[in-house]
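To start, the structure itself, in structure tokens.
Read the figures in this text as sums done on the coordinates, not as results from a lab. Fair warning: this is a prediction, and the values are worked out from it, not measured in the lab. Glycine gets a Cβ as well: all are built from the backbone with ideal geometry, and neighbour counts include every protein chain shown.
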Amino acid sequence: MSLTTLARLLAVAVSLSATLPACANLQPQYNGSYPAPTNTDASSFSKTKFDFVVVGGGTAGLVLAYRLSANPKVSVGVIEAGQYRPDDPFIGTPTAGNLLGNADIGTLLGNPTYDWMFQSVPQTALNGLVIDYPRGKVVGGSSAINSMIWQRASDVDYDNWNTVFGNGAGWSAKGMQSYFKRVESWTEPELLFPGQKRVPALATEHGTNGPISVSYDTFLFDVEAPSVAAANAIGIPTNSNPDGGNETYIALTARSVDPKTAVRSYAGNAYYQPVIGRPNLKLLSQAVVSKINFSKGGKSGIVATGVNYIVDGKTYTVSVGKEVILAAGSLKTPQILELSGVGNKTILSNLGIPVVLDFPQIGENLQDHPVTLLDFKVKPGVLTLDRLNYNKTYANEQEALYNNSASGALTYTEAVIGPLPLQATVNSSTFNSMYKNLTTTLAKRKQTPIQKAQYAALESMVKGGEVGWFELTVVPSGGVASTAVNGSNYLTSVAIELHPFGRGYVHINSTDPNAQPVIDPKFLEIPWDAEVLVHGSQWIRKWMHTEPIAGLLDGDNVPGSNVQTDAQWDAYIRTAVRTTNHPLGTTAMASRALGGVVDPNLKIYGLANVRVVDAGIIPMTIGVAIQSTVYAMAEKAADLVKKSYGI
């Protein structure tokens with residue numbers, strides 16, 4: 001299976017690398033050389049004592065830089081490992097990083113220019129399968145390489161942050177609403193799906209003056225509307241307002257794309273480029289943070305005094321006056337903390353790292369959305385993305401449309417996405433059997449305090465039957481579940497588990513800051529998680545065999561029609577599971593009694609002046625792609641920081 005096109009099928013935060021067809025005018029002309037993002041270099045950056053040092057110039061980090069540096073009396077330094085790549089067409093063109101082709105250009109993932117290229121350890125429950133874990137390594141972070149999907153979770157997901165994890169009413173759906181709006185410059189959809197209506201309530205949920213452009217597809221392929229109509233035919237409605245507190249069922253999904261230019265809107269061009277000239281904001285790119293420096297003792301306790309970073313093999317130190325803010329992502333932030341002596345003392349001592357603060361919960365509680373996928377052959381003449389790969393004339397026509405009028409196939413992102421309650425895809429007898437097996441499994445497992453709280457909340461949510469538990473996505477192309485045959489067309493659909501019970505970890509096993517951390521999501525180690533994907537996959541086949549979509553398809557491709565029984569489906573999914581690239585929870589925002597890592601102000605317990613602002617603070621999976629949530633959290637975090645210092 002090619003990993004280069006996986007993200008195109010996932011409603012996810014990170015699109016997997018792929019290549020363009022031979023569209024010469026989209027080739028970058030930079031030859032690997034980009035301007036420095038500000039008038040700074042490794043040496044001069046180290047000689048500046050910043051009020052705030054932000055580690056990570058990605059989705060959350062650039063929001064903080066933008067908001068904090070708005071006060072000219074506040075100095076902000078940002079350290080980013082990736083390059084600054086303004087106007088890179090493979091970042092900017094929505095479909096550019098999401099096409100399967102034979103050209104050697106345009107790769108996003110699997111390319112160290114853009115991607116950390118992490119991998120999991122072999123997964124025990126997946127017969128040793130290694131999971132690729134792409135993460136953005138570029139100014140803008142994963143917002144520069146993701147699938148641009150823009151979703152908001154159901155209210156209960158955010159309310160849990162308050163009621164289950166003890167973070168206060170400010171961390172609830174109502175408390176977060178203004179921050180979601182602050183991020184957005186929203187444009188209403190032009191097209192509608194079957195069953196969809198124009199409702200004024202959708203507009204009231206969105207902001208219109210924020211940095212990130214939020215819009216909807218204006219180009220659809222031949223399979224989207226029929227697939228929605230088929231879902232309607234078997235009892236799955238269309239949701240006209242998925243952002244109003246209930247995200248369930250199929251919706252025309254928003255995306256972070258400028259509707260006028262059809263260019264990706266992301267942290268790099270929306271939050272950083274407009275303020276690049278601020279004299280009190282410096283961003284150092286292509287610098288790898290190796291540790292945070294601390295002083296111990298006195299009234300303030302353990303205080304971060306500066307940050308070490310490496311450029312061209314040389315280590316530098318920058319001093320910080322107020323705070324270090326970690327925004328390196330849920331996989332890198334725990335690594336940096338452990339390299340700095342903050343983490344499980346056994347892990348640290350075994351590596352010879354002096355222990356600053358024994359904190360075993362750091363790097364634990366890793367959660368993600370596991371996904372499996374199916375593809376179907378599409379009848380000749382039905383337009384899919386595949387035509388861009390094998391028909392040069394069509395590809396050139398679409399390139400011209402994109403370049404001349406910001407229209408056509410190259411503007412496309414996934415449009416059909418639907419989080420479904422589990423009860424919408426299985427009958428009551430199956431659900432009751434699954435739930436009985438789940439409670440038996442959980443009763444036998446040793447659970448940490450935070451797991452006990454999580455599992456109780458999840459059991460309540462799944463029994464209620466009102467929360468999306470299994471998500472479907474339609475992608476009009478092949479080449480992922482199987483090798484695409486040149487000249488053929490495909491439809492790929494996925495089953496995503498939105499609220500898994502599995503819990504993994506991320507830790508270091510090396511003192512080298514350039515070494516990747518040890519990542520173990522423990523996919524499907526709890527049988528319930530496998531059962532959800534089995535029944536979700538079976539439901540997708542039923543859906544694809546329903547008119548009117550069935551009339552456009554030419555049979556099951558992968559898995560073949562010989563896969564029928566639950567056992568056969570289980571065997572299949574354990575070869576096909578991937579990540580939707582939504583790792584979270586590794587520095588959970590929760591009470592100390594539950595084993596949280598950060599408090600409601602996002603400060604690490606036991607450290608005087610270190611905050612975490614990235615997906616690691618999300619204490620439990622939410623039922624959607626996490627991009628918009630991370631932006632909103634960062635906007636709220638900026639207010640928390642400003643309030644702390646009266647700025």
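Summary of computed values
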| read-out | value |
| --- | --- |
| Length added when fully stretched, ASP512-SER295, from 0.36 nm per residue minus Cα-Cα | 75.9 nm |
| Relative packing of 139-146, 235-242, 410-417, which averages over residues the other C-beta atoms within 10 Å, highest first | 139-146, 410-417, 235-242 |
| Cβ-placed point charges (K, R +1; D, E -1), dipole of region 407-513 about Cα centre in debye, nearest 20 | 600 |
| Segments 196-205, 599-608 sorted - mean Cβ within 10 Å per residue, highest first | 599-608, 196-205 |
| 20 Å cut-off, amide nitrogen to a point 7 angstrom out along LYS642 Cα→Cβ, residues in region 71-89 | 71-78 |
| Antiparallel bridges, percent of DSSP beta bridges restricted to region 297-443 (to nearest 5) | 75 |
| Neighbourhood charge, 11 Å Cβ-Cβ cut-off, centred on GLU497 and excluding it, Lys, Arg +1 and Asp, Glu -1 | -4 |
| Fraction of antiparallel bridges per DSSP, the chain only, in percent to nearest 5 | 70 |
| Length-normalised contact order of the chain in % [C-alpha pairs under 8 Å, at least 6 apart] | 22 |
| Calculated volume of the Cα convex hull per residue in Å³ (choose from (i) 167; (ii) 158; (iii) 138), label | (iii) |
| Subset of LYS197/LYS379; LYS181/LYS377; LYS174/LYS291; LYS137/LYS436; LYS379/LYS463; LYS377/LYS436 violating a 32 Å alpha-carbon distance limit | LYS181/LYS377; LYS174/LYS291; LYS137/LYS436; LYS379/LYS463; LYS377/LYS436 |
| Over region 254-347, relative contact order from alpha-carbon pairs under 8 Å, at least 6 apart, % | 19 |
| Segments 73-81, 264-272, 178-186 sorted - mean Cβ within 10 Å per residue, highest first | 264-272, 73-81, 178-186 |
| Translational diffusion coefficient (Stokes-Einstein; Kirkwood radius from C-alpha pairs) of region 599-647 at 37 °C, 0.692 mPa s, in µm²/s | 279 |
| Two-site FRET efficiency, ARG278 against SER178, from Cβ-Cβ distance with R₀ of 25 Å, rounded to 0.05 | 0.50 |
| Net charge dipole size for region 125-223 [Lys, Arg +1 and Asp, Glu -1 on Cβ; Debye, nearest 20] | 280 |
| Under 11 Å, Cβ to Cβ, from VAL121 - net charge with Lys/Arg +1 and Asp/Glu -1 | 0 |
